[in-house]
Amino acid sequence: MDLHLAGKTALITGASRGIGLAIAGSLAAEGCRVAICARGTEALEKAAEDLGSQGAEVLAIAADVTQSAGAADVVDRTVRAFGGVDILVGNVGGNRRGRFEETSDDDWEAVLDLNLRGHVRVARACLPVMRKGGEGAITFISSIFGREAGGPGLSLYNSTKSALISLAKILALELAGDGIRVNSVAPGSIRFPGGSWDKRCNEDPEGMARFVETNLPMGRFGLAGEVADVVTFLSSPRASWINGACVNVDGLQSRSLI
Ligand SMILES: NC(=O)c1ccc[n+]([C@@H]2O[C@H](COP(=O)([O-])OP(=O)(O)OC[C@H]3O[C@@H](n4cnc5c(N)ncnc54)[C@H](OP(=O)(O)O)[C@@H]3O)[C@@H](O)[C@H]2O)c1
């Protein structure tokens, strides 16, 4: 299937490693020019080098998207280098685990900035550019724990990831007449070298083997590439009738019927 992505420009936030980097690789393999951003320059440059060596046209932008200036900068620099933005993937995200009563205002500000406000700012800056191009696709990376309860200690993560799914739906409604589709993706537990699940597996192999047995019906963690390819499809005109959706990519990990 030709995804008709050749020559498109994709901006992927948080793409120096893990799921974001896999998404950049998957979009680049379909012929997209990719702009990637992250705060740390070393991993970012290495990621750009790796993508470039596979033939991709890559722009690496060191920026913190939780800051207004950083969010504006990633969009500005992408437009200056590539002339527009056709595809936005809001991948940045993270967690501060702790029981609700122990969470501070600072925790809430930080996780809201990371999991919601950063996406708001980057998407808002992209919209005039996408409108000018006459089309666009935005995908936010949420989590299955934005769709259903993850459990005690996850108030920050769960509520901000749910908010991101809501944001995608409302944005999709507002932009439905403008040729810009907005979806979200809800990964389950994804393991990649150096990622959070990989660290936990290395620190506690027996505990994590029990976790897999109890929580992952297919008997393994998901792979970053398995999320990436779904995002690439959603970003393509082939997914023209998928709008405002939240797509699970979780190997049956989540239990919700909706
Ligand atoms: N891994 C999983 O099992 C899983 C499951 C469900 C959902 N997700 C979601 O999927 C997304 C990616 O997860 P991941 O595990 O691949 O994450 P990760 O390993 O923590 O990578 C995050 C990426 O974002 C960058 N980043 C972090 N904060 C940033 C900021 N403020 N501004 C710009 N870049 C920033 C990081 O680089 P720097 O640190 O150098 O900035 C890195 O490139 C997240 O939204 C996560 O919540 C992951």
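The values are calculated or read from the model by the stated rules, or taken from the named source; none is laboratory data. Computed from a predicted structure; not experimentally measured. For neighbour counting, all protein chains shown are included, and Cβ atoms are generated from backbone atoms with ideal geometry for every residue, glycine included. The accessibility values were calculated without ligands, DNA or RNA, using every heavy atom of the protein model including side chains. Shrake-Rupley method; radii C 1.70, N 1.55, O 1.52, S 1.80 Å.
Considering every residue within the stretch 5-27, establish whether at least one is in a helix (DSSP H, G or I) and over 21 Å from V122 (Cβ atoms). Let's see the steps before the verdict.
Applying the first criterion (in a helix (DSSP H, G or I)) to the stretch 5-27 yields 18-27.
Cutting the leftovers down to over 21 Å from V122 (Cβ atoms) gives us none.
No, the stretch 5-27 has no match at all.
Given the residues G84, G70, which is the only one that is over 18 Å from T232 (Cβ atoms), near the ligand (Cβ under 8 Å from one of its atoms) and over 15 Å from the mean Cα position of the chain (by Cα)? Full working, then the answer.
Values: G84 fails: near the ligand (Cβ under 8 Å from one of its atoms).
The conditions single out G70.
Could you identify the single residue in S166, S235, S189 that is within 10 Å of the ligand (Cβ to nearest atom) and among the hydroxyl-bearing types (S, T, Y)?
Among S166, S235, S189, only S189 is within 10 Å of the ligand (Cβ to nearest atom) and among the hydroxyl-bearing types (S, T, Y).
Yes or no, residue by residue, for (1) open to solvent by less than 50 Å² (accessible area, probe 1.4 Å); (2) at pLDDT 95 or above:
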| site | (1), (2) |
| --- | --- |
| F221 | yes, yes |
| V227 | yes, yes |
| V230 | yes, yes |
| F233 | no, yes |
| A239 | yes, yes |
| G244 | yes, yes |
| V247 | yes, yes |
| L257 | no, no |
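All but one of (1) among the β-branched types (V, I, T); (2) in the same structural domain as V79 (by TED's automatic domain parsing); (3) farther than 22 Å from R238 by Cβ; (4) within 16 Å of the ligand (Cβ to nearest atom) hold for I138; which doesn't?
Checking I138 against (1) among the β-branched types (V, I, T); (2) in the same structural domain as V79 (by TED's automatic domain parsing); (3) farther than 22 Å from R238 by Cβ; (4) within 16 Å of the ligand (Cβ to nearest atom), the one that fails is (3).
Out of (1) in contact with a helix residue (DSSP H, G or I) (Cβ under 9 Å, 6 or more places away or on another chain); (2) outside any helix (DSSP H, G or I), the odd one out for G31 is which?
Of everything listed in (1) in contact with a helix residue (DSSP H, G or I) (Cβ under 9 Å, 6 or more places away or on another chain); (2) outside any helix (DSSP H, G or I), G31 misses just condition (1).
Could you grab me the full set of residues in the stretch 1-37 that are within 11 Å of the ligand (Cβ to nearest atom) and at positive phi?
Restricting attention to the stretch 1-37, the residues satisfying the condition of being within 11 Å of the ligand (Cβ to nearest atom) are 12-24, 36-37.
Those that are within 11 Å of the ligand (Cβ to nearest atom) and at positive phi: G14, G18.
For A62, are the conditions met, namely being surrounded by fewer than 19 Cβ atoms within 10 Å (Cβ to Cβ) and either within 20 Å of V231 (Cα to Cα) or in contact with a helix residue (DSSP H, G or I) (Cβ under 9 Å, 6 or more places away or on another chain) (or both)? Break it down stepwise before answering.
Numbers: surrounded by fewer than 19 Cβ atoms within 10 Å (Cβ to Cβ): yes; either within 20 Å of V231 (Cα to Cα) or in contact with a helix residue (DSSP H, G or I) (Cβ under 9 Å, 6 or more places away or on another chain) (or both): yes.
Here the answer is yes, as A62 does meet what is asked.
Kindly indicate whether I258 is part of a loop (DSSP other than H, G, I, E, B) and either assigned by TED's automatic domain parsing to the domain that holds N158 or touching a Phe, Trp or Tyr at 6+ places or on another chain (Cβ under 6 Å) (or both).
Criteria not met by I258.
Quick one: S68 ticks every box in (1) in contact (Cβ under 8 Å) with a residue 40 or more places away in the chain; (2) within 19 Å of G195 (Cβ to Cβ); (3) out of contact with any His (no Cβ under 9 Å at 6 or more places or on another chain) except a single one, so which number is it?
Answer for S68: the failing condition is (2).
Given (1) under 22 Å from G14 (Cα atoms); (2) exposed (fewer than 12 other Cβ atoms within 10 Å of the Cβ), identify the lone condition not met by L171.
L171 satisfies all of (1) under 22 Å from G14 (Cα atoms); (2) exposed (fewer than 12 other Cβ atoms within 10 Å of the Cβ) except (2).
Considering only the stretch 132-144, I want to know if a residue exists there that is exposed (fewer than 14 other Cβ atoms within 10 Å of the Cβ) and of a type in the set (G, A, S).
Yes.
Pick from R33, R80, R97: which is within 21 Å of S142 (Cβ to Cβ) and open to solvent by 20 Å² or more (accessible area, probe 1.4 Å)?
Details: R33 fails: within 21 Å of S142 (Cβ to Cβ); R80 fails: within 21 Å of S142 (Cβ to Cβ).
After ruling out the rest, the residue left standing is R97.
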